[in-house]
Amino acid sequence: MTLLTYRTQARWAVAVVNSKKATAEFYDVETNKRIPRTAWTADMKAFAAEKAANVPKPPFVFRLTIIGWIVVALLAAGFGVMTYETLKPTEQSAEQVAMEQTPVVGDMYFGRFEGAAEPDSLVAISDLGFGWFKIVKVEGDTYFVAKSTDMSKQHQPKEQLESAEFEEEGTPAKIVEQTGWQLTLEAIDESVTFYVTDKK
């Protein structure tokens, strides 16, 4: 009977891995067959453990190959680019900047209005129109919104709707939402809501 100790090594294109622990196996000298561990005696187990512990340590357990380092560098660069794209501030267009500015007298916007329905009504809105709106007066945080005299019941391109003539008196409203894409104003009496998406 003889004892054979060894370590395993796995090689891939990107890395080489050596086993951390040495392995011990008993072989029958006459038959040259491995003796299964279930047949080991206590002395055999102790002897194998002692010899396995004395096997020189490998020069490394895990090491990247040249290809592995290239792959790691590419992955790091990819994650770096994604992180930069995620964290860098997005540049706003001139239209978005204009939409985020506080409305002043004379500002004109394109969008739609929705009239609030009566409490007992079966419809969601009482009136609907698309067209241009103008801020005709400002009192603190109250904006007087005047509708164009050329409002459409159906959505049309803003270029096709008149933006020169407006109602003389506007509806007093307050801003309920303002982003670079939409400005929403609701009448103080909640009778109508204005949704505008473009500023002239």
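Values in this text are rule-based calculations from the coordinates and carry no lab data. Computed from a prediction, not measured in an experiment: that's the story for all the values here. Positions of Cβ are backbone-derived with ideal geometry, glycine not excepted, and every protein chain shown enters the neighbour counts.
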Holding the Cα-Cα limit at 30 Å, pick out from Lys153/Lys174; Lys88/Lys134; Lys137/Lys158; Lys88/Lys147 the pairs that are longer than that. Lys88/Lys134; Lys88/Lys147
What FRET efficiency, computed as 1/(1 + (r/R0)^6) with R0 = 25 Å and r the Cβ-Cβ distance, is obtained for Thr8 and Leu64, rounded to the nearest 0.05? 0.85
So, relative contact order of the chain in percent, Cα under 8 Å, 6 or more apart, is 16 percent
How far is helix 66-87 tilted off the main Cα axis of the chain, in degrees rounded to 10, range 0 to 90? 20 degrees
FRET efficiency estimate (nearest 0.05) - Cβ-Cβ, Met82 to Arg37, R0 45 angstrom: 0.35
Could you tell me the calculated FRET efficiency between Ala164 and Ser191, based on Cβ-Cβ distance and R0 = 25 angstrom, to the nearest 0.05? 0.45
With each run of n ≥ 4 DSSP H residues scored as -39500 (n - 2.57), what mean residue ellipticity at 222 nm is computed for the chain after dividing by its residue count and rounding to the nearest 500 deg cm²/dmol? -6500 deg cm²/dmol
Can you tell me the orientation of helix 42-53 relative to the chain, as the angle in degrees between its alpha-carbon axis and the longest Cα principal axis, to the nearest 10? 60 degrees
How big is the charge dipole of the stretch 2-87 about its Cα centre, in debye rounded to the nearest 20, if each Lys and Arg gets +1 on its Cβ and each Asp and Glu gets -1 on its Cβ? 100 debye
What does the charge add up to near Trp132, with Lys and Arg as +1, Asp and Glu as -1, over the other residues with Cβ less than 10 Å from its Cβ? 0
